[in-house]
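Working notes, beginning with the structure itself.
The values are calculated or read from the model by the stated rules, or taken from the named source; none is laboratory data. Given the structure is predicted, the values throughout are model-derived calculations rather than measurements. FYI the Cβ positions are ideal-geometry reconstructions off the backbone, even for glycines, and counts take in every protein chain you see. Note: accessible area is taken over every heavy atom of the protein model, side chains too, but ligands, DNA and RNA are not part of it. Shrake-Rupley method; radii C 1.70, N 1.55, O 1.52, S 1.80 Å.
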Amino acid sequence: MVASLSLRVYTGTNAATESAAVTGIDFISADNATNSLANRQANPVTVGTNSFSKHLRLKIDTAPANSVSNFKFWTDGSGQANVGLRAKLAVGTGGASPGTGDTTPSATALTSDADAYTYTSGSKGTWDSASYSTQDDVTKALVLQLQPTVSATPGNWTQETLNYSYDET
Amino acid sequence: MTDTFAYWAELQLNDGSLVSIDLEQHGWAEPNRLASTRVFTLVPKDTASRWPFVRIHIPEGAKPIFKSRMNARLMGAAASEMGEPIFRAYAVGWFRDGDSHWTWVFPNGAIETETDEPTFNDLLVAATNRAKVDQLSNGE
């Protein structure tokens, strides 16, 4: 069987509560896995403050013939003016769901993170270098945080295109 | 995008026999069989597609290697694109003395050899991303 992986959001204490597969995330002033206009309207991020960090892992829904590995992350290199996007890769430990070693999502600025836009196709970030082969295993976490400065234009964030890849053997 | 590989494989062994391989099947990479493989051919399941046939001759003392690379959007220009698969590239080659020698193939028929990190992969991802943005801008 070809492997099938889905993105999951992790919330709550130590980011240990796993969501169902998601097709979108909200950068908001609360910790939840909801993706809706109402959610964003109810929990806006004030300029000059940070969004709650978003903790993502890839989960194996269908196991590969052998393994999946070499998880990479990259952006197009630039984003909306005055709205920083920070990324912290390879957080915690993967394996049996929901994984371990992550921290509780908060609006406190990430540490040991980087400007997400420094990860480009020519300089991809390593989301996870480990190899997984078992159904329901998850990767290490990728943590994202939006950091709009006081000069940011109010309103919707201009959505970015972020990419990832993994190898399957 | 389909959730099956675009290829199956044909192995020619040292004794001249041919073996058809389902690359999605667990255990297809049986070590003894791979060790006696001298020609590894990727055969496209849809011969009307742009996927090329790829034939690799395995040097003495080397073993054949195969993998695929799934490219996807973590986030896109439109809502609900998180996790959306873009395309899968395939790589076949041989391994000897600690070195891998890959031939990569892409859904547009492009081929790139002798690299662990094909640049065609990233060009195709970027082009696909741009096409998606244009599609959304045109209200499609």
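Summary of packing: across the peptides A:73-84, A:148-159, the per-residue average of other C-beta atoms within 10 Å ranks them, highest first, as A:73-84, A:148-159. In this structure, the amide hydrogen of A:Leu162, modeled 1.01 Å from its nitrogen in the peptide plane, lies closer than 5 angstrom to those of B:Leu74, B:Met75, B:Gly76, counting only residues at least 5 positions away or on a different chain. Using the 1.4 Å probe convention, the accessible area of the range A:1-126 works out to 41 Å² per residue with neighbouring protein chains retained. Comparing Cα centroids, the range A:85-158 and the range B:86-110 end up 28 angstrom apart. With R₀ fixed at 22 Å, the C-beta to C-beta distance from B:Thr115 to A:Asp115 puts the FRET efficiency at about 0.20. Any chance you could check the range B:96-136 for residues losing 50 Å² or more of accessible area when the partner protein chains are in, compared with the chain on its own (1.4 Å probe)? Listed by number, the residues meeting the 50 Å² cut-off are B:Asp122. Extending 7 Å from Cα along the Cβ direction at B:Ser100 and again at B:Asn32 yields two label points whose distance is 2.7 nm. Using a cutoff of 8 angstrom between alpha carbon atoms and counting only pairs six or more residues apart, the relative contact order for chain A works out to 33 percent.
Across all directions, the shadow cast by the convex hull of the range A:22-116 built on its C-alpha atoms averages 7.7 square nanometres. Shielding by partners for peptide B:63-72, expressed as the average number of C-beta atoms from other protein chains within 10 Å of each residue's C-beta, is 5.
The gain in end-to-end length when the A:Thr104 to A:Ala20 segment is fully stretched comes to 28.4 nm, 0.36 nm per residue minus the alpha carbon separation. The Cα trace of the protein assembly as shown gives Rg and Dmax of 21.1, 72 Å, the first to one decimal, the second as a whole number. Mean per-residue shielding of peptide A:156-165 is 6, counting Cβ atoms of other chains within 10 Å of each Cβ.
Working from the Cα coordinates of chain A, the gyration tensor eigenvalues give, after taking √(5λ), semi-axes of 27, 17, 14 Å in decreasing order. A simple spin-label model places pseudo-atoms 7 Å from Cα toward Cβ; at A:Thr158 and A:Asn82 they are separated by 1.3 nm.
Accessible surface buried by the B/A pair amounts to about 2600 Å², both sides summed, 1.4 Å probe. On a 21 Å Cα-Cα criterion, which of the cross-link pairs A:Lys88/B:Lys132; A:Lys88/A:Lys140; A:Lys59/B:Lys132; A:Lys72/B:Lys63; A:Lys59/A:Lys88 come out too long? Result: A:Lys88/B:Lys132; A:Lys59/B:Lys132; A:Lys72/B:Lys63 exceed 21 Å. Normalised by residue count, chain B yields a Cα convex hull volume of 122 Å³ per residue.
What does the charge count around B:Asp15 come to, taking other residues whose C-beta lies under 12 Å from its C-beta (Lys +1, Arg +1, Asp -1, Glu -1)? Around B:Asp15, the charge tally is +2.
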